[in-house]
Every structure is written in structure tokens, then in C-alpha cells.
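Enquirer: Before we start, here is the structure in question, set down as C-alpha cells.
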Amino acid sequence: MATVDALPGPFTFDPATTALVVIDMQRDFMEPGGFGETLGNDVSQLRRVIAPTEALLRACRAAGLTIIHTREGHLPDLSDCPPAKLNRGEPSQRIGAPGPMGRILIRGEHGHDIIDELAPAPGELVIDKPGKGAFYNTTLGEVLAGLGTRSLIVTGVTTEVCVHTTVREANDRGYECLVLSDCVGSYFPEFQEAGLKMIAAQGGIFGWVAPSTAFIAALQPSLQRT
Ligand code: C5J
């Protein structure tokens, strides 16, 4: 077992039953011209997440941790996109509309894929999800059950939307979730701060929070064994 110095208290995990989940580090959220920008967001706010996540991925790969990436997006015919999600924002820039990186938030398009810096390595799982949570309408639950996973290390964007939804879903399913504060990002600094506080408040109402350096330090014994 390993222990991370976290909020609201120590987070203990077994690397053999722990998976890193990297949420939606896609061009559509991270780069100009994608879904995030069409909703009026300043995508440069998310860039600071990239370097610590690269270091985290290196450490998790070296320790042999299970690594799962997710991508939010929809089928080209939009049959998996409910009207409540589709009919938002400026009509010419909605999901499925043409953009500089291909059709916005559509599977298979350049904008839908993960940014080059954090591209999945061979053998890492990629879960495509139509919703904000990574469990809704995906195979993630079955995949984790098959692996015997008990703890999730959660990173990605955005803190208050897909990260929160996924952590809440995971917590309800019995997973212990540690969110790495410097490896999650929001377009809104105030939501980043509040989003992290909400996770660890009330004795860790749906998770723990720590910087990635604390988690990587806790992985060191596993790194030395590899
Ligand atoms: C959003 C996400 N913000 N990945 N998606 O629409 O957080």
C-alpha cells in the first residue's frame, strides 16, 4: 500500500488496484477553434495542466499503473447527442458544425482527439463518452470491474464539469478517488478553486485532493521495483 498526503487526510491506495483516469484532454477543449472556445471560453486557461500531466504520465507508465484516457464526443449522425445538449450556444458553432479542426466534438475529427503532448501510449485504454461523466453510456464500469480496480487517480478538464461528474459517479460506485489539483483545469479560476474545495470538504464528501508531486512521491517505491 502507498499513502499520499492529501486533503482532507491521507489517501491510501494499492498501485495494483489503482487506475489513472485522464479526462478529455482533447483539442476540442484545449485549443483555439474547438468546442470550448465556441462556448466563449479562454482555452489558454487550460495550458498549465499539460506539463504536470506529462510528468504524471511518465511516472504512472514507469510504475506500471493502469492508464485510461477519456474523450467527450458524439457520433457523426448525432444520434447520441440529446437536444438538451445540442441546442446550446451560437447555432453556427454547435456540436456537429464545421470548425477549423473538423466538425465540433464529433468522433474521428481532428479536434476530438487528445492533444499530442498527452497522446495515449500503445495499450492504454481510450473510453469515448457522450456525456460529461465517464461512466454514462460507456464501458468504463465493466472495464474497471474486470481489472479489479478500487482507486482512481483523476485528472483532466474541466474541473467543475467532466472531472466533477466523473468523480461523483465513481464515488457513488464505490471507488476511492484522488483528484490531482495541478493536473485538472477550468476556464474559470474561481471554479477551479471552488471545485477542488467541494471535493475534499465535509470530510472528503466525494474524494481526496493532492498535488501531483505528492502522488508521484507516493509511487516512488513502485518505481524503484520496476
Ligand atoms: C465540458 C468537459 N466542459 N470535458 N466538458 O463541456 O468538461
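Derivation of every value follows stated rules applied to the coordinates shown; laboratory data play no part. Keep in mind the model is a prediction, meaning the values are calculated, not measured. Virtual Cβ from ideal backbone geometry, glycine too; neighbours counted across all protein chains shown.
Enquirer: Of everything in the stretch 68-108 that's buried (at least 16 other Cβ atoms within 10 Å of the Cβ) and touching a residue at least 60 places away in the same chain (Cβ under 8 Å), which residue is farthest from GLY36 (Cα to Cα)?
Expert: Residue satisfying both the conditions and the ranking: ILE68.
Enquirer: List the pairs whose first member sits in the stretch 137-161 and is closer than 13 Å to CYS183 by Cα and of a type in the set (Val, Ile, Thr), whose second member is within 12 Å of the ligand (Cβ to nearest atom) and assigned to a loop (DSSP other than H, G, I, E, B), and whose Cβ atoms are under 6 Å apart, counting only residues at least 6 apart or on separate chains?
Expert: Sorted first by the residue in the stretch 137-161, then by its partner, the pairs are VAL157/ASP24; THR158/SER186; THR159/SER186.
Enquirer: Look through the stretch 35-52, keep the residues that are within 11 Å of the ligand (Cβ to nearest atom) and assigned to a loop (DSSP other than H, G, I, E, B), and return whichever of them is surrounded by the fewest Cβ atoms within 10 Å (Cβ to Cβ).
Expert: LEU39
Enquirer: Moving to a separate point now. Select from the stretch 200-223 the residues that are in contact with a Gly (Cβ under 9 Å, 6 or more places away or on another chain) and not hydrophobic (A, V, I, L, M, F, W, C) and list them in ascending order.
Expert: GLY203, GLY204, SER222
Enquirer: Still on this model: Of all helices (runs of 4 or more DSSP H) completely enclosed by the stretch 111-226, which ones contain at least 2 residues that are of a type in the set (Val, Ile, Thr) and crowded, with 20+ Cβ neighbours inside 10 Å?
Expert: Where helices (runs of 4 or more DSSP H) fall fully within the stretch 111-226 and carry at least 2 residues being of a type in the set (Val, Ile, Thr) and crowded, with 20+ Cβ neighbours inside 10 Å, they are 164-172.
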